[in-house]
Amino acid sequence: MNASAPQQSNSTPLCYSINSPPFTYNHPIASAYYSSIFTLLGLPSNLIAFIVLIKSFKEARSRSRSFFLIFLGGLVVTDFMGLLVTGCITVSFHITHFNWRNLDPHCHFCNFMGMSMVFYGLCPLMLGAAMAVERFTGINCPFTRTSSQTKGRPISMVLLVWFTAGCVALLPLMGVGGYHIQKPGSWCFFLISYKGNDQIFSLIFSVVGLTSIAVSFLLNTVSVVTLIRVCCGQDRTQRRRDHEVEMMVQLILIMVIASICWCPLLIFIAQTVLSEADLQVRYLLLWLRFATWNQILDPWVYILFRRSVLRRISPRSDWSRSSIMTLYPTLRETIRRLTSSSLELGEMDEMGKSNVTAPPTLKP
């Protein structure tokens, strides 16, 4: 552990070497109401989404739908546990105002919370990238899916994401960076600094998060373009793709929410480290609140943006037709006209060819 060397020369543990409680930081962004509200909103939302996912998984008929629901289940479980672990610690501090140095003299509790912040922060972003890879493969390379592929594949990918995020979270305990108590004293996080190993770990966290968002954006864009071509194509014998469009809409919304919530914090960390500027605590807390909204809004994407829910919201719409183009009458009418015009041209060409008679042959 990287705390052993500093403790030999100094009695102050590593997590208290930069900031030592108690703190006098009283900025409004550090109010206890934020942690309480986020926890109370996020936990029931993820629990409801998990129940809905279990019901939908039992009713799923297609393999691609089952795979997607497994990824969503991993995302909901991750968000729920992240809010539960970090929220309980933060809310408990604001209620009891315990002294970290008396409660945790050897930094074990602080390291656990710091690891939780990193692990549950990176997992949603990496799971979003894994879902984008799965949908990209399913839409653009359907022949790579064989009948022998089982539900163990998405489960393995979710476990791989958890393992990778856990390895990144363990790096500060191996000497790359370190977890420290943060103002106002209610949470622990890695030290955002341009010095030594702290700079390396800060860049690792930021680059992994931004790369996951970039991969999601790139693959989802290609998948959406491919899906639009399929849905708007002139071939009327194509298989139904409504469920794939529904999954892509949910995945796009998850990606947009993750980008809005996490990009400010990830860019702020990279900018602070690369510019060698002093850490602005109020901005760190502000962007951290933005990132927390990701765990609250993710479950509502699946709770609300489902065809069964949309039927109840807009019962007059024709949700029974197999084509997703029924949602867009203007676009559907335009495609119908283009299709009919191309068919008329094809029929005229065939008639012209039939009118051209072959030269008469002499009969014996």
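The values are calculated or read from the model by the stated rules, or taken from the named source; none is laboratory data. Predicted model only: the values in this text are computed from it and were never measured. Neighbour counts run over all protein chains shown; Cβ positions are idealised from the backbone, glycine included.
A Cβ distance below 9 Å, combined with a sequence gap of six or more or placement on separate chains, defines the contacts here; from the range 152-171, residues that are within 17 Å of Phe57 (Cβ to Cβ) reach residues that are in a helix (DSSP H, G or I) and of a type in the set (D, E, K, R) in the pairs Arg153/Glu134; Pro154/Glu134; Met157/Glu134.
Comparison of Val230, Val245, Val224, Val256 shows that the only residue that is modelled with pLDDT under 95, closer than 22 Å to Ala165 by Cβ and part of a helix (DSSP H, G or I) is Val256. The sole residue among Thr78, Thr86 that is of a type in the set (S, T, N, Q), under 16 Å from Ala258 (Cβ atoms) and assigned by TED's automatic domain parsing to the domain that holds Val208 is Thr78.
Of all residue pairs spaced 6 or more apart or on separate chains, those with beta-carbon atoms under 8 Å, a first member in the range 55-83 that is closer than 14 Å to Gly128 by Cβ and a second member that is part of a helix (DSSP H, G or I) and among the basic types (Lys, Arg) are Phe68/Arg135. In the range 282-320, what residues are aromatic (Phe, Trp, Tyr) and at pLDDT 80 or above? Hits for the range 282-320 are Tyr283, Trp287, Phe290, Trp293, Trp300, Tyr302. Residue check: Phe201 meets all listed conditions (1) closer than 17 Å to Thr164 by Cβ; (2) out of contact with any strand residue (DSSP E or B) (no Cβ under 7 Å at 6 or more places or on another chain) but one, namely (2).
The conditions of being among the hydrophobic types (A, V, I, L, M, F, W, C) and either more than 30 Å from Val245 (Cα to Cα) or in contact with a strand residue (DSSP E or B) (Cβ under 6 Å, 6 or more places away or on another chain) (or both) are met by Phe38. Return yes or no: is Ser45 small (Gly, Ala, Ser) and at pLDDT 80 or above? Spelling it out, Ser45 is indeed small (Gly, Ala, Ser) and at pLDDT 80 or above. Report yes if some residue within the range 202-220 is surrounded by fewer than 18 Cβ atoms within 10 Å (Cβ to Cβ), over 28 Å from Phe93 (Cβ atoms) and at pLDDT below 90; otherwise report no. No: the range 202-220 contains no residue that is surrounded by fewer than 18 Cβ atoms within 10 Å (Cβ to Cβ), over 28 Å from Phe93 (Cβ atoms) and at pLDDT below 90.
For the range 48-60, the condition of being touching a Ser or Thr at 6+ places or on another chain (Cβ under 7 Å) and modelled with pLDDT of 80 or more holds for at least one residue.
Conditions (1) within 21 Å of the chain's Cα centre (by Cα); (2) on the phi > 0 side of the Ramachandran plot; (3) modelled with pLDDT under 90; (4) outside any helix (DSSP H, G or I), marked per residue:
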residue	(1), (2), (3), (4)
Val91	no, no, yes, no
Leu122	yes, no, no, no
Leu125	yes, no, no, no
Met131	yes, no, no, no
Phe136	yes, no, yes, no
Val158	yes, no, no, no
Phe163	yes, no, no, no
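Could you please tell me which pairs satisfy a Cβ distance under 9 Å, a separation of 6+ or placement on different chains, a first residue in the range 285-305 that is assigned by TED's automatic domain parsing to the domain that holds Met247, and a second residue that is of a type in the set (Ser, Thr, Tyr) and surrounded by 22 or more Cβ atoms within 10 Å (Cβ to Cβ)? Filtered contacts from the range 285-305: Thr292/Ser35; Thr292/Thr86; Gln295/Thr78. For beta carbons closer than 9 Å, sequence separation of 6+ or different chains, a first residue in the range 99-127 that is farther than 30 Å from Leu218 by Cα and a second that is of a type in the set (Gly, Ala, Ser) and part of a helix (DSSP H, G or I), the qualifying pairs are Gly114/Ala169.
The residue that is farthest from Asn220 (Cα to Cα), among those in the range 252-278 that are touching a Ser or Thr at 6+ places or on another chain (Cβ under 6 Å) and buried (at least 19 other Cβ atoms within 10 Å of the Cβ), is Val273.
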